[in-house]
Amino acid sequence: MLLDVLLALAPLVLILVAIACCNTAPDIAGSIAWLCCIAVSCLYFHTDLSVALLASLSGVLASLPIALVIVVAILQVTLMVETGAMARITVLGKILAAHDRPTQILLFNCALAFILTALGAVPMAVLPVVLLSLGYPVVQAIGLPVMGYSGGCAFSLLAIPGQILAMFCGISILETWHVLARYMPLTNFAVAAACLWFAGRLPMLKQGLIPAVIVGFGCWAGIKASLILHIMPVAGILAGVVTTALLSAFLLLRGSPVIDRSLLTEKDLDKERHLSLSAAASPWIMLTLIAIAINIPLLPLHRIFFMDNPMTVQIIPGHPEHLRILAQPFLWLFVVTLACIPILKPKPGLIGECLRKWLRRSARPFLAISVYFAIAYVFNHSGKNAGWELPNAHNNMVSVLAAAAAQAFGMFYSAVAPFMGAVAGVVSGSQSASTAMLTTLHLKTSTLLGIDGIMVAVGSAVGAGVAGMLSPAKLMGSAATIDKLDTVNSIFRAFLILCAFITCSIALVSVAYILL
């Protein structure tokens, strides 16, 4: 039993050791871990080689919506930077909460990140450039957006993770979000506190404690409003708007201006004259309108793109992948990027320069995302024979780890589940992939232990979302937007302890609701 657990953990441990201790690039570490995972699953857990390879291919296919979002977002940001659009938006950022750094950090990396995440605009590809231009150190410009995104991961792509949870748990989306509402406030307070600690240690945390509380409350209020109005897909947008309003009110009560145009230099004013704010933000405005039109269930485009055209591809028998290309954010990000070219008016030759920078920056994040999904799918289908049957559940690597955790922790399994989700989130780089991998096991284990399986499964999913701050794919995607991939490993090491702290807060909520 112990050997089973150690070998099942081997690919995960290899990733952590390679990145944290050996300074190996995340995409290279993932590739090596994938080979290790194939070897362990085939040689020890009796997985048929064709199953392992096809599962990997299915994982790569499943990763495309996320991988391509990152890739296309990098293209969009590169175009916005080269045409001066990002510089124009930065002028606005320069005067927002400029006299209160803790509140400014939370405005950008929590409140705005909620909105961007909900719209599929990928904060890690948008905010690093803005923060760097505002004078933040490189590691903070890269790390803070990733950390802020991790708190609102459940909001992403108009609450797709919530829909996946509902599907695997066999409950309605409304019920799922009622459970998520128990976790999200404390989780996002902890994320906000971690952002402040990362930016300035204890002094910054003390200064920003009240704004951090506001972030947690604003998140709760946005989710509750979406539940009351039955518009859960826009929960992230509502949470971001409410949090922004509350943080602005906090600044005004303290006598600190929300906007201070006196800070603008003549150079900033030239940027304003060169390009209007509406033109500079046109890619985001168009994306917002398209996202709402496609994702709100009451509108006809939602049925056409989601229901009528699933574009199903099946590699693994009984496990079809619904590509839904017409509804994918990466497609509309690309369309919006092309559509905004006449508005942004790039100079001759600038498009070619943008493409060259984009290709250099996007290749490695794409590889990282793909390989981590491949690992997750090999884990999920390990132990299966050539007929895709699982003759012995003890040969499934995920089952081995879950059974060991249940046996070791018993009734406190609910406290362990968020950490299991966190590990799966790091490996797969996706809250959705972690949910698909672990939810059924959480429900079965919880039934055996006589505890609330839905709370356990949702706690695990939230833990996976928070672990996004350790995801090599997300860190590399963030660093690639400002061409600073060499900083990823140092940020990863700094985030390890902070992620453990936040996951502990999730475990606390889970235990409190289940045992008390």
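The values are calculated or read from the model by the stated rules, or taken from the named source; none is laboratory data. The shown structure was predicted, so the numbers you read here are calculated from the model rather than taken from an experiment. So basically every Cβ, Gly included, is an ideal-geometry build from the backbone, and we count neighbours across all protein chains shown.
Among residues of the stretch 16-32 that are in the same structural domain as residue 469 (by TED's automatic domain parsing), those with a Cβ under 8 angstrom from a residue that is surrounded by fewer than 18 Cβ atoms within 10 Å (Cβ to Cβ) and part of a helix (DSSP H, G or I), sequence gap 6+ or separate chain, pair up as 18/28; 18/32; 20/493; 20/496; 24/32.
Does the stretch 182-199 contain at least one residue that is in a helix (DSSP H, G or I), farther than 17 Å from residue 150 by Cα and not β-branched (Val, Ile, Thr)?
Filtering the stretch 182-199 for residues in a helix (DSSP H, G or I) gives 182-199.
Remaining after also requiring farther than 17 Å from residue 150 by Cα: none.
Checking the stretch 182-199: not a single residue is in a helix (DSSP H, G or I), farther than 17 Å from residue 150 by Cα and not β-branched (Val, Ile, Thr).
Would it be correct to say that residue 475 is at pLDDT below 85 and surrounded by fewer than 24 Cβ atoms within 10 Å (Cβ to Cβ)? Even if it seems obvious, please write down each step before you answer.
Values: at pLDDT below 85: yes; surrounded by fewer than 24 Cβ atoms within 10 Å (Cβ to Cβ): no.
No; evaluated as a whole, the condition is false for this residue.
Can residue 305 be described as in contact with a Pro (Cβ under 7 Å, 6 or more places away or on another chain) and either in a helix (DSSP H, G or I) or modelled with pLDDT of 75 or more (or both)?
Values: in contact with a Pro (Cβ under 7 Å, 6 or more places away or on another chain): no; either in a helix (DSSP H, G or I) or modelled with pLDDT of 75 or more (or both): yes.
No.
(1) out of contact with any Pro (no Cβ under 7 Å at 6 or more places or on another chain); (2) surrounded by 21 or more Cβ atoms within 10 Å (Cβ to Cβ); (3) within 28 Å of residue 382 (Cα to Cα): which one isn't true of residue 449, the others all being true? Looking at each condition in turn, residue 449 falls short on (2). Restricting attention to the stretch 211-248, the residues that are touching a Leu at 6+ places or on another chain (Cβ under 6 Å) and either polar (S, T, N, Q) or not in a helix (DSSP H, G or I) (or both) total 1.
The set of residues in the stretch 353-400 being crowded, with 21+ Cβ neighbours inside 10 Å, more than 30 Å from residue 83 (Cβ to Cβ) and touching an Asp or Glu at 6+ places or on another chain (Cβ under 8 Å) consists of 371, 384, 400.
I want to confirm something. Restricting to the stretch 249-272 and keeping residues that are part of a helix (DSSP H, G or I) and free of Cβ contacts under 8 Å to residues at least 12 places away in the same chain, which single residue is surrounded by the fewest Cβ atoms within 10 Å (Cβ to Cβ)? Among those that are part of a helix (DSSP H, G or I) and free of Cβ contacts under 8 Å to residues at least 12 places away in the same chain, it is 266. In this entry, residue 182 passes the filter for residues that are over 18 Å from the mean Cα position of the chain (by Cα), among the basic types (Lys, Arg) and either surrounded by 18 or more Cβ atoms within 10 Å (Cβ to Cβ) or within 15 Å of residue 236 (Cα to Cα) (or both).
Just checking: which of the helices (runs of 4 or more DSSP H) contained wholly in the stretch 4-109 hold 3 or more residues that are farther than 30 Å from residue 208 by Cβ?
Values: elements: 26-43, 49-82, 85-94, 101-106.
So the answer is 26-43, 49-82.
Can you find even one residue in the stretch 426-433 that is out of contact with any Gly (no Cβ under 6 Å at 6 or more places or on another chain), at pLDDT below 75 and β-branched (Val, Ile, Thr)? Yes: the stretch 426-433 contains one or more residues that are out of contact with any Gly (no Cβ under 6 Å at 6 or more places or on another chain), at pLDDT below 75 and β-branched (Val, Ile, Thr).
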